[in-house]
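A.B. asks: Structure incoming, see below.
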Amino acid sequence: MIDWYKVRRNGYAIFLYTDLASIEFVKKSIEPYYIINKVISVSEVFDSSYWKISNRPDSFKLTSDKIDIIQSKQRVLDEPERVFFVEAHERIIELIKPVDTKWRDQIVIRLIRDIFRNYFLTNDSMSFFHGGLIKSKNLGIAFMGGKKSGKTSSILSFLKYGNVDYATNDDISIQIIDDKVHGFGWPRTVSVRNDTFDVLEMDRASIIGRLRHPSNGTIWKNKATFIYPNELEQLFTTKVISNSEVNYIVFPTFDKDIYTPNLRELNRSEFKELLELNMEPDINRYFKDFQRYFPNVDISSNNKVLDIISEKCHGIILNQNFRNLKQSVELVKKELM
């Protein structure tokens with residue numbers, strides 16, 4: 001059975017045309033970040049202010065003089081070729097390739113995420129950072145840093161040992177609401193270095209068969225494991241949440257020469273400098289083929305956002321040893337929570 005579904009978040013929506021099996025997969029992968037309901041009146045679908053995604057080729061009978069054809073292949077990521085028909089005026093995206101169902105569903109999830117991110121950047125003044133977010137009781141703790149800085153390892157160690165809720169791993173967006181700093185999570189897959197499972201005392205071999213992401217069947221399986229957010233609830237005693245107020249922003253670093261972790265609070269100048277370094281200047285790095293359909297945004301106002309974050313939150317450096325993450329969790333719980 002093929003139907004229209006409305007995907008909503010924070011006052012915006014897109015419409016998705018797909019079958020029951022695919023909508024179940026998509027819902028499982030993107031809730032609670034979005035609310036998904038079957039469309040009651042099809043007339044609302046064709047409001048041109050909303051994007052429409054079809055997971056069924058030829059569903060719109062688009063004519064060639066009105067469409068853009070987008071073809072791309074993520075060779076580095078060992079992903080299949082992708083082909084889309086786009087009718088920009090009516091805001092229609094029709095997914096033509098790949099044929100494989102798991103990859104089609106994964107690409108739909110990415111389209112939903114990136115369309116919403118562009119909308120919130122343009123209309124809701126959200127700022128995007130390289131960082132994740134967890135919540136412990138009433139405290140929101142973000143982890144920011146570049147690749148291999150320890151963001152993912154730190155977040156996973158808190159899920160394993162810290163009894164916390166999970167919001168996001170590597171693409172936190174921040175919005176100032178009522179003079180408070182709020183962090184928003186996104187349904188982005190968590191890419192976990194395979195050696196992290198040993199450090200966290202987890203048996204990867206018993207886990208991998210329970211995971212749904214198609215990248216776990218590519219050449220990348222020898223280096224990393226790909227986990228949808230909702231699958232974290234199965235692996236840890238955690239709850240996935242969509243957002244939280246942010247109270248602390250932790251910048252983790254690895255130091256193989258230390259055994260005992262340590263914390264240092266940043267002064268405001270240092271804090272703001274690290275925030276600026278970890279801002280995401282291009283939220284469309286993986287959405288380049290569609291960037292032409294979304295307006296360019298002046299991000300000069302981000303300086304004001306950085307000022308507010310550095311005033312309202314505490315910035316913390318966490319020095320830790322990759323082989324002793326449990327002790328880092330114990331230290332942060334003792335000092336910050």
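The values are calculated or read from the model by the stated rules, or taken from the named source; none is laboratory data. What you see is a predicted model, and the numbers here were worked out from it, not measured in a lab. With ideal geometry, Cβ positions are generated from the backbone for all residues, glycine too; neighbour counts draw on all protein chains shown. Accessible surface areas use protein heavy atoms only, side chains included; no ligands, DNA or RNA. Shrake-Rupley method; radii C 1.70, N 1.55, O 1.52, S 1.80 Å.
A.B. asks: Straight-line reach from Lys160: which aspartates and glutamates have a Cα under 12 Å away, not including same-chain ones fewer than 8 places off?
C.D. replies: Straight-line reach from Lys160, under 12 Å: Glu201, Glu233, Glu330.
A.B. asks: To continue, here is another question. Within the stretch 100-156, report the trypsin sites (Lys or Arg not before Pro) that DSSP leaves as loop and that have at most 10 other Cβ atoms within 10 Å. If you can, show how the numbers build up before the last one.
C.D. replies: Values: sites: Lys102, Arg104, Arg110, Arg113, Arg117, Lys135, Lys137, Lys147, Lys148, Lys151; in loops: Lys137, Lys147, Lys148.
For trypsin sites (Lys or Arg not before Pro) across the stretch 100-156 that sit outside H, G, I, E and B with at most 10 neighbouring Cβ atoms in 10 Å, the list reads Lys137, Lys147.
A.B. asks: Cα-based count: Lys pairs in the stretch 1-130 below 12 Å, eight or more positions apart or different chains? Please list the in-between numbers first.
C.D. replies: Numbers: Lys6/Lys27; Lys6/Lys38; Lys6/Lys52; Lys27/Lys38; Lys73/Lys97.
For the stretch 1-130, the number of qualifying lysine pairs is 5.
A.B. asks: How much of the calculated P(r) for the stretch 20-113 lies past 20 Å, in percent of all Cα pairs?
C.D. replies: 40 percent
A.B. asks: I would also like to ask the following. Modelling each spin label as a point 7 Å along the Cα-to-Cβ direction, I'd like the Asp257/Lys180 distance in nm, to one decimal.
C.D. replies: That separation, rounded to one decimal, is 4.3 nm.
A.B. asks: Additional query: Stretched out fully, how many nm does the piece from Asp47 to Ser72 gain, at 0.36 nm a residue minus the Cα gap?
C.D. replies: Extra length from Asp47 to Ser72 when fully extended: 6.2 nm.
A.B. asks: In whole Hz and in residue order, list the ³J(HN,Hα) couplings for the stretch 119-127 that follow from phi through the Karplus curve 6.51 cos²θ - 1.76 cosθ + 1.60, θ = phi - 60°; x for Gly and Pro.
C.D. replies: Listing the rounded values in order: 5, 6, 5, 6, 9, 10, 6, 7, 10 Hz.
A.B. asks: Can you work out ³J(HN,Hα) from phi for every residue in the stretch 134-150, in order, using Karplus 6.51 cos²θ - 1.76 cosθ + 1.60 and θ = phi - 60°, giving whole Hz and x for Gly and Pro?
C.D. replies: Listing the rounded values in order: 10, 9, 10, 6, 9, 10, x, 10, 9, 10, 10, x, x, 4, 6, 7, x Hz.
A.B. asks: Just in the stretch 1-55: which trypsin sites (Lys or Arg not before Pro) are loop by DSSP and have at most 13 other Cβ atoms within 10 Å?
C.D. replies: Answer in residue order: no site qualifies.
A.B. asks: Ignoring everything but the protein chains, give the 1.4 Å probe accessible area of His314 in square angstrom, nearest 10.
C.D. replies: For His314, the solvent-accessible surface is approximately 80 Å².
A.B. asks: Suppose we flag chymotrypsin sites (Phe, Trp or Tyr not before Pro) only when DSSP calls them loop and at most 15 other Cβ atoms lie within 10 Å. Which is the longest uninterrupted stretch of the chain?
C.D. replies: Working: sites that count: Tyr259, Tyr286.
Here the longest segment lacking exposed loop sites spans 1-258.
A.B. asks: What list of ³J(HN,Hα) couplings, whole Hz, do you get for the stretch 255-272 from phi and the Karplus terms 6.51, -1.76, 1.60, once you set θ to phi - 60° and write x for glycine and proline?
C.D. replies: Once rounded to whole Hz, the list reads 9, 6, 8, 10, 10, 8, x, 9, 10, 9, 7, 7, 6, 5, 5, 4, 4, 5.
A.B. asks: For Lys304, give me every one of the lysines with a C-alpha distance below 17 angstrom, ignoring sequence neighbours fewer than eight places off in its own chain.
C.D. replies: Output for Lys304: Lys180, Lys272, Lys312.
A.B. asks: To continue, here is another question. Identify all lysines with a Cα-Cα distance to Lys256 below 18 Å; exclude those on the same chain that are fewer than 8 residues away in sequence.
C.D. replies: Straight-distance partners of Lys256: Lys147, Lys148, Lys151, Lys326.
A.B. asks: Label points 7 Å out from Cα along the Cβ direction at Lys38 and Arg193: separation in nm?
C.D. replies: 4.7 nm
A.B. asks: I want to make sure I understand the PRE zone here: with the label point 7 angstrom from the Cα of Thr122 toward its beta carbon, which residues in the stretch 283-297 have backbone N atoms less than 13 Å away?
C.D. replies: In the stretch 283-297, the label zone of Thr122 (backbone N under 13 Å from the point 7 Å along Cα→Cβ) covers 290-297.
A.B. asks: Quick one: net charge around Thr196, please, counting Lys, Arg +1 and Asp, Glu -1 for every other residue with C-beta under 12 Å from its C-beta.
C.D. replies: Charge balance near Thr196 sits at +4.
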